[in-house]
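Rule-based calculations on the coordinates, nothing more; no lab input. What you are looking at is a predicted structure, and each value in this text was computed from that prediction instead of being measured. Don't worry about glycine lacking a Cβ; one is built from the backbone with ideal geometry, like all the others, and counts go over all protein chains shown.
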Amino acid sequence: MNEKTFGKGCRVLILGATSGIAKSLAREFARHGFDLVLAGRDMDEMQTIAADARVRYGTKSEIVPFSATDFESHPEFWKSCGALDGVLCCFGVMHTQNEAENDWQKAYAMIEVNYSASVSILNIAANEFEARGRGFIAILSSVAGDRGRRSNYIYGSTKAAVSTYAEGLRARLFASGVSMTTIKPGPVDTAMSFGLDKLPLLASPEKVAADIYRGVRRKADVVYTPAPWRFIMAILCAVPSFLWKRAKL
Amino acid sequence: MDVAPRLVWRTVTPVLAREGLNLLRFWAFAHTLSVTNFVSRDLEGWGRYPVETCRVARPEKRRDVAMAAQSDEVPDIIARGLGRAYGDAALNDNSGVLLNEKLNRFLDFDESSSVLHAEAGASFADILQTFVPRGWFLPVTPGTKFVTLGGAIACDVHGKNHHRDGCLSNFIEEIELLTANGETRILTRETPTEFWATVSGMGLTGVILSAKLRLMPIETAQIATTYTRTENLEATLAAFGSDEDFQYSVAWIDCLASGASLGRSVLIRGNHASKSAVRGENPLAFAAPRGKKVPLDFPDGALNPLSVKAFNALYYAAHPDAQKLVGFEPFFWPLDSVSGWNKIYGARGFVQYQCALPFETSRDGLTKLLETVSRAGQASFLAVLKTFGASTPSPLGFPLPGHTLALDIPASDGIVEFTHTLNRIVFNHGGRVYLAKDATLDAEMFRQMYPRHEEFAAVKQSLDPQNRFQSSLSKRLQIGGAA
């Protein structure tokens, strides 16, 4: 038996399917023949995404309601998705640093959605994939999680937590053959960043989705997208703290 | 207190508290996930003249479109697609512009009727990419494929097949329009008043959310093209007489030629090639031309009468009478393969001038226009002439049975006066200019060229009594009662 684990006919779950990057990911995976399971809150929007994939690529899609912060519902939700070959974890919230510093609800929202919810749902995914010995998991972290910047450290710290979680999970899953890919996009031209001025290397969601697809296919550990961010972050990570704290970043 | 009410109180309160908290959280997230905030951005049309600072929002979900359209952050608003209108049709100086490009999903395709239902932000390039390999083509294609469906309807674009097939609206079965009060209206030919006002309504009746477009079956991705060289305007117009043999017909016209060769042209005409005419395994295969890019603004004056004259002479010489198969991309959009070609006119930009003249007066009118352009030495790199078929019922419809001339004029200090001279000629010959390309018309001339403007204003008044939908173009021309 030679079961196909990546490509045409495989089923991928997209969590947070209506986020900017997720929409492009849905198209990218549909283009390569995947069936989609779209999970999120905005059912109308998910219907639209599913229709688009169907008209373009003849994609079979399923739509499942999913609330990231309703942790108790996660096991039931997972069962309702049916058999899956992979998971793309795309939900996330970003508030500005200023908002997050002055309004605990905003800071907490980022922690709850970006970190707690990811752990809750990926624990379930990891247990199942590990038990059956195949599958792929990818999660959207961020370059913002590589270093704490004064201008964005609350959001950044939730992404740092996600990256660390994913790194550990990858080590755990390695023996079972399940891949765990951490995606670290730079700023992407979606609603999340729209209007923020002078973003360096602003990437289109289509370009980012193509990079992610390739990364997941080759079971990459960490994907920086666009690629130059790997180099940039390597340099930034080498800056010692006594200098870093003085930098206006 | 009795036991029973206390029990109810004890069970209900925590539930209410939890649900309330959830609702709050949902609101907090929804708030961040649906960004409808407006930000300032300098926008320009494809002619890069004028440039205006607008307040833009870019919704990514359908429900966010309504939020942005009704937001009190901006006094009025206009939808914008890919920004290929040349002038200020999709600008709104210091006011709202709604970027529609992210709402570009295909919603349905019915093979039996060839009808595609798509969101307004879907681009023609995207439609072709998806449907040409399956054997369908756009029924009408303007001079660029980088337009959105919504923008194409709002300008009711025409193509090289107008003499036979008319405007895009001939193939639009249904328009889903978001009106000023937040309602969604389905417009068809059963609602002719609103339908025909929205078609070529320049976005002033509301925001087009989606539309149903009837595609055209094709056998191959090739156009069987015939080139015919003519020596002057007389010969060009005479040659158009055989247009009925061709679905597509256009003339590249050398508008710097003067005297006896005034109006000399290369007619480029063609039909979709049949399967038998095309060799190769997959007749529907096509390769998008390799993208070239204009990296920088050309210096001002790089295109001057001398260089353009040289180019025109070369082009004319390079196109003797011939017949050959041409891929649809180079046939329809020779310029699309050069990204940012609008930079060749330098940082000041250019005005694209397109007018329509009725058959009865067109020869005289075209002669005067070409003489004026030629005499002024206004270097038009690209000038095209073609025959128009019937007009549409739209009050602001542009095409009329006759001829249409389109040319580029580099923006210079005298540009407004110069186009006014052209406008005067056009109007005196019973013609009008195309609003999608216009940047210089004034309100008075607009009213004269579009005598049914009051009819349009009445429909706009009924759909948009508060005048929520306005653009720099509508304010300049006072369309729909805008002051």
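Spin-label pair B:Val51-A:Arg218: with each label point 7 Å from Cα along the Cα-Cβ axis, the two points sit 4.0 nm from one another. Rounded to the nearest 20 debye, the dipole size of the protein assembly as shown about its Cα centre is 2200 debye, using +1 on the Cβ of Lys and Arg and -1 on the Cβ of Asp and Glu.
Within straight-line reach of A:Lys219, meaning a Cα separation under 28 Å, sit the following lysines at least 8 residues removed in sequence or on another chain: A:Lys4, A:Lys8, A:Lys23, A:Lys60, A:Lys79, A:Lys159, A:Lys184, A:Lys207. A Förster radius of 45 Å combined with the Cβ-Cβ distance from B:Asn304 to A:Thr96 puts the calculated FRET efficiency at roughly 0.35. Computed from phi, the 3J(HN,Hα) profile of the stretch B:417-429 under the Karplus parametrisation 6.51, -1.76, 1.60 (θ = phi - 60°) reads 4, 4, 5, 5, 4, 5, 4, 4, 4, 4, 5, 4, 9 Hz, with x in place of Gly and Pro. Would you mind checking the stretch A:4-22 for residues with the amide N under 13 Å from a putative spin-label position 7 Å along Cα→C-beta of A:Lys60? Residues passing the 13 Å test: A:8-12. Mean per-residue shielding of peptide A:48-60 is 4, counting Cβ atoms of other chains within 10 Å of each Cβ.
Note that the stretch A:213-229 has calculated 3J(HN,Hα) couplings of 4, 4, x, 5, 5, 8, 6, 5, 7, 10, 10, 8, 9, x, 3, x, 4 Hz, one per residue in order, obtained from phi through the Karplus relation 6.51 cos²θ - 1.76 cosθ + 1.60 (θ = phi - 60°); glycine and proline are x.
Taking every Cα-Cα distance in the stretch B:160-281 and sorting them into 5 Å bins from zero, the calculated P(r) comes out as 2, 10, 14, 13, 11, 11, 12, 12, 9, 5, 2, 0 percent. Residue separation of A:Leu201 and A:Phe71 scaled by 0.36 nm, minus their Cα-Cα distance, works out to 43.3 nm of gained length. Ranking B:Gln448, B:Leu400, B:Thr419 by how far each Cα lies toward the positive end of the dipole of the stretch B:380-483 (charges on Cβ) leaves B:Leu400 at the top. Peptides B:275-284, B:141-150, A:8-17 ranked from most to least packed give B:141-150, A:8-17, B:275-284, packing being the mean of other C-beta atoms within 10 angstrom over each peptide's residues. Put in order of Cβ neighbour count within 10 Å, fewest first, the listed residues A:Ser141, A:Ser116 become A:Ser116, A:Ser141. Each Cα pair under 8 Å and six or more residues apart adds its separation to the average, and for chain B the resulting relative contact order is 16 percent. Aspartates and glutamates near B:Lys275 by alpha-carbon distance under 17 Å, same-chain residues fewer than 8 away left out - which ones? By straight Cα distance, B:Lys275 reaches B:Glu219. Label-to-label distance, B:Ser242 versus B:Met67, with points set 7 angstrom from Cα along the beta-carbon direction: 6.0 nm. Using Cβ point charges alone (K and R +1, D and E -1), the dipole size of the stretch A:58-194 about the Cα centre works out to roughly 460 debye. Averaged over the residues of peptide B:117-126, the number of Cβ atoms from other protein chains lying within 10 Å of each residue's Cβ is 1. For B:Lys309, the lysines whose Cα falls under 27 Å of its own Cα, not counting residues fewer than eight places away in the same chain, are B:Lys160, B:Lys292, B:Lys293, B:Lys324, B:Lys343, B:Lys368, B:Lys386, B:Lys437.
Percent relative contact order of the stretch B:220-378, based on C-alpha pairs within less than 8 angstrom and at least six residues apart? Don't skip to the end; give the middle numbers.
On the way: 237 pairs, mean separation 52.7, N = 159.
Result for the stretch B:220-378 is 33 percent.
DSSP beta bridges confined to the protein assembly as shown are antiparallel in about 65 percent of cases. In plain terms, the chain from B:Thr421 to B:Glu111 could stretch by 106.6 nm, reckoned as 0.36 nm per residue minus the Cα-Cα distance.
Within the stretch B:412-432, which residues have the backbone N less than 18 Å from the label spot 7 Å out from B:Arg375 along Cα→beta-carbon, could you tell me? In the stretch B:412-432, the label zone of B:Arg375 (backbone N under 18 Å from the point 7 Å along Cα→Cβ) covers B:414-429. Calculated mean residue ellipticity at 222 nm for the protein assembly as shown: -10500 deg cm²/dmol, from DSSP H runs with n ≥ 4 weighted as -39500 (n - 2.57), summed, divided by the residue count and rounded to 500.
Size of the protein assembly as shown: Rg and Dmax of its alpha carbons, in Å, are 28.7, 108.
When Cβ neighbours within 10 Å are restricted to other protein chains, what is their mean count per residue of peptide B:106-112?
3
Annotation: amide H-H contacts under 5 Å for B:Asp408 (H modelled 1.01 Å from N, sequence separation of 5 or more, or interchain): B:Tyr353, B:Phe381, B:Leu382. When you restrict to C-alpha pairs under 8 Å that are six or more residues apart and normalise by the size of the stretch A:160-249, the relative contact order lands at 28 percent.
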